[in-house]
Amino acid sequence: METMTRQEFDALLDGPMGQWYAGRWEYYGPVADMVKQLAPSSVLEIGPGKQTIVKHCDVMVKPEDDYWGKPERDIGKLYTFNATEKPWPVADKAYDLLIGLQVWEHLDNKQTRAFREVMRVSRQAILSFPFMWNCPKDDANYPEHHLIDKELIADWTLNVKPQRIVEVPRTGEEVSKGPRLIYLWSF
């Protein structure tokens, strides 16, 4: 599978959402490297924004419009489905790999339900999480990111031990550029 290149990422920085993408290569890059090492033949990405990490993969986006957008090119099948609902419209073990970057904290306290579906539909998964962001609780953009720690992530992921955890340091001064964790599981 072909992954996003640094040059393609840089093009996102030059686009209308450039400020949002700033500092994200620091975790996109390691995820692209993981994908290359895993060499999956089928990938599902959840909530990928304007461009997927894996080109021509299948994508799941929520039914309502998303401010952060959705990929408009280089994708396979598009599932318009709320990941907090179950069952997902995906067959058991349909995908070698599922990717969800900076998505899990947005699943309205239904993270465990969604993670069960991840384990059902995929053989491996890569998820990233904001890690210990001290977000202003009155800022409407960030309360779901506030002080997410490894214990909460373990709760969200049913205490299934990941194969690997990659720590990504802060990439800027803004709250949204705080540290992140990338988890890789095999099921």
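None of the figures in this text is laboratory data; all of them are computed from the coordinates on show. Since this is a predicted model, take the numbers as computed values, not measurements. Cβ placement follows ideal geometry from the backbone for every residue including glycine, while neighbour counts extend to all protein chains displayed.
Other residues lying with their Cβ under 14 Å from the Cβ of residue 126 contribute a combined charge of +1, Lys and Arg counting +1, Asp and Glu -1.
As a proxy for reagent exposure, 34, 4, 132 were ordered by neighbouring Cβ count within 10 angstrom, fewest first; the result is 132, 34, 4. Every helix of 4 or more DSSP H residues in the chain counts as -39500 (n - 2.57), and over all residues that averages to -6500 deg cm²/dmol at 222 nm. Taking other residues whose beta carbon is less than 11 angstrom from the beta carbon of residue 32, and scoring Lys, Arg as +1 and Asp, Glu as -1, yields 0. Ordering 135, 57 by the number of other Cβ atoms within 10 Å of each residue's own Cβ, fewest first, gives 135, 57. With both partners inside region 6-186, how many of the DSSP beta bridges are antiparallel, as a percent to the nearest 5? Of all bridge pairs located within region 6-186, approximately 45 percent are antiparallel.
Taken over the chain, the percentage of Cα pairs per 5 Å bin, counting from 0 up to the bin with the maximum distance, is 1, 8, 17, 22, 23, 18, 9, 2, 0. Computed over the chain, relative contact order equals 18 percent, with contacts defined as Cα pairs under 8 Å that lie 6+ residues apart.
Around the Cα centre of region 6-186, unit charges on the Cβ atoms of Lys, Arg, Asp and Glu (plus for the first two, minus for the last two) sum to a dipole of about 680 debye. Each of 106, 145 was scored by other Cβ atoms within 10 Å of its Cβ. Listed from fewest to most, they are 106, 145. In sequence order, region 34-40 has phi-based couplings of 4, 4, 4, 5, 6, 6, x Hz under the Karplus curve 6.51 cos²θ - 1.76 cosθ + 1.60, θ = phi - 60°, and Gly or Pro positions carry x.
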